[in-house]
1. Among what's in segment A:206-216 and is β-branched (Val, Ile, Thr) and surrounded by 24 or more Cβ atoms within 10 Å (Cβ to Cβ), pick the residue that is nearest to the other protein chains (Cβ to nearest Cβ).
2. Scan the helices (runs of 4 or more DSSP H) fully inside segment B:115-174 and keep the ones with 2 or more residues being more than 21 Å from B:SER98 (Cβ to Cβ) and more than 8 Å from chain A (Cβ to nearest Cβ).
3. So which residues in segment A:151-208 are among the polar types (S, T, N, Q) and farther than 21 Å from A:ILE221 by Cβ?
4. Give all pairs with beta carbons closer than 8 Å in which a residue from segment B:108-128 that is farther than 23 Å from B:THR64 by Cβ meets a residue that is of a type in the set (Gly, Ala, Ser) and surrounded by fewer than 23 Cβ atoms within 10 Å (Cβ to Cβ); count only pairs at least 6 apart in sequence or on separate chains.
5. Just one of B:ILE266, B:ILE251, B:ILE243 is touching a residue at least 12 places away in the same chain (Cβ under 8 Å) and surrounded by fewer than 21 Cβ atoms within 10 Å (Cβ to Cβ); which is it?
6. Being over 17 Å from the mean Cα position of the chain (by Cα), over 30 Å from A:ALA91 (Cβ atoms) and of a type in the set (A, V, I, L, M, F, W, C): is that true of A:PHE305 here?
7. Among the listed residues A:ASP192, A:ASP203, which satisfies the condition of being closer than 19 Å to B:MET121 by Cα and surrounded by fewer than 19 Cβ atoms within 10 Å (Cβ to Cβ)?
8. For segment A:125-214, which helices (runs of 4 or more DSSP H) that fit wholly inside it have 3 or more residues that are over 30 Å from A:ILE19 (Cβ atoms)?
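The values are calculated or read from the model by the stated rules, or taken from the named source; none is laboratory data. Note that this is a predicted model, so its numbers are computed, not measured. Cβ placement follows ideal geometry from the backbone for every residue including glycine, while neighbour counts extend to all protein chains displayed.
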Amino acid sequence: MINKTSLSPFFWIIIIAVISLPFITSSSYILMVMIFVAIYGTLAIGMGILLEHAGIFSLAHPTWFGLGAYVAGILSTRQIVSPLVGIIVGAVFVALISYLIGAPILRLRGYYLACATFALLLIVEMSLGQLGSITGGHEGLTGIPPLSVVGFIFRTDTQYYFLSWALCLGCLWFLSNLLNSRVGRAIRSFRDSEVASMSMGIDIPKYKLQIFVLTSVMASIAGSIFSFYIRFTMPGMFGFPLLVELLTMIVIGGGKTLYGALLGSFVTVWLRELIHLYLGKILPVMKAEVDAIFFGILIILILIFMPHGISGGVERLFYSWSKTFDRLQRAEK
Amino acid sequence: MIASKEQKSRTVHFVRSQPTIPSFFEVAGLCKNFGGIQALNSVTLCIEEGKIISLIGPNGAGKTTFINVVTGIFPPDKGEIYFQGENIAGLSPHLIASKGIGRTFQFEELFSSMSVLENVMVGCHARTRSGILGCGFQISSVRKEEKRIRDEAMEDLRLIGLEKKSLYPISALPLGERKLVGIARALAMKPKFLLLDEPVGGLAAHEIEKLVNLLFMLLEKGLTLLIVEHNMPFVMAISHRVIVLDGGAKIAEGFPDEVKSNEKVIEAYLGKEVS
């Protein structure tokens, strides 16, 4: 009875919270973490749509993120084009590559698709490291200029904060519209029953490819903004660790709803920061691994007690509350 | 009109190009093998517009395979399928569906993550045109189209009497109602030809009665129905003509009463008499 993909009340709450945060605090540390929440949130939302709604088990999402970061970064560092054009070129490049790669490999299903996209992830990560003359190699690409849009240069954390959240909420708005429309229903239908979906006149390969390319482009734009914000990219940032992190976000937040993935990003990023902030001093030796232990335990707990993530758990809680409430009301009558 | 299995497609075309009206739906020499099993063995049949035709046969006779081949889920190994004068054999399922052939499933195959209304709205897919970017940005033509198909889907739900449960998740409906949702979803495609795979399987008596009324109403609307069914009283009551399959081949065809007394049919269902 609850329309799972609608998010209007949540959406407004998020918008108000996002806009008011810089007025509440001017701590650049909080803004920085929130920028990461927005960027990773954009990725997690896109990947969540692929995994949970479209049933496309693609693990190549960090690759599109990385390619977007590198293309925009390289083009603007060498002053070939302006940063804004760099973002657009990156998005077009990623759209092209994901189209050419997606057309054949999206015919694979389940684990086979996961294997193929995982191979793609590793290949791109290696290539970025090996193509030293273009990408700066394993040491990374340094000296990326800040983003400038027709003379306006993004310098402060607040500016990047609004930019990254505009992207994140824009994608959230776009995808939630999409899921409740003709194309979105087509995309959701083939995960439930491919045979029925085909018989309703839905061209499954076409829509699989469309949603794959669309979410790749979103990841690419997020990557470009990311590279302009931290002014530095490294192949290792777009490899297996990021993939695990995105999957963690989707599992923790719950991919059934769009805001679940964003919530997952928020929880994951902040939890990591808090662990490093407070437990880093207690457990200095294990600094790098200590969050992995926490996340491992957290994922196990979430999978046991909230199989649909925090958002799914909260929804179920509301649902049971409203049921009890109904029963009480009826009893009063 | 019915081409025999030896005739090539060319001959069928020749027959068809005669000034007679091309038949509504025609299958010629349809074969389908799964490994060594011959699921369909040169089935040839012809269906007139505006009739209810039943396809019966014992388990494993190839009835569901027939529907799957006609709707393109499995490509046929051999043979032609003509729908309104056009050969649709070997086309992808979504193209066949958009030509006006709707179907329901033996085992529901509803979209379990969606509400009842959304399921029916998916049925409107082939008749609508919104693209992915238009849908994401909610441009006004998309919103108009969305409103139109929502109304149309509600209309189809009203037809099956489930308009009050339009926002229920599929899992909250009993089996009988789910079967009806499957029919409403197929109706939302506005098909000319509707294939129903065991529509009364698992329904209670009063639900069957409701279904019979619904099917006659569809017939009045000008639909042509092909029903695959096991329930003999239902088949005998509703069909204009009955086609019997056994072992992948057509063994009999005719009016319900004729078929009922056909020796081959009795043999197929009950086995040979020991002499």
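1. A:ILE211
2. Where helices (runs of 4 or more DSSP H) fall fully within segment B:115-174 and carry at least 2 residues being more than 21 Å from B:SER98 (Cβ to Cβ) and more than 8 Å from chain A (Cβ to nearest Cβ), they are B:116-122, B:140-160.
3. Result: A:ASN180, A:SER181, A:SER189, A:SER193, A:SER197, A:SER199.
4. Listed by first residue and then by second, the contacts come to B:SER115/B:SER166; B:VAL116/B:SER166; B:LEU117/B:SER166.
5. Going through B:ILE266, B:ILE251, B:ILE243 in turn, the sole match is B:ILE251.
6. yes
7. A:ASP192
8. A:132-135, A:182-192, A:194-199
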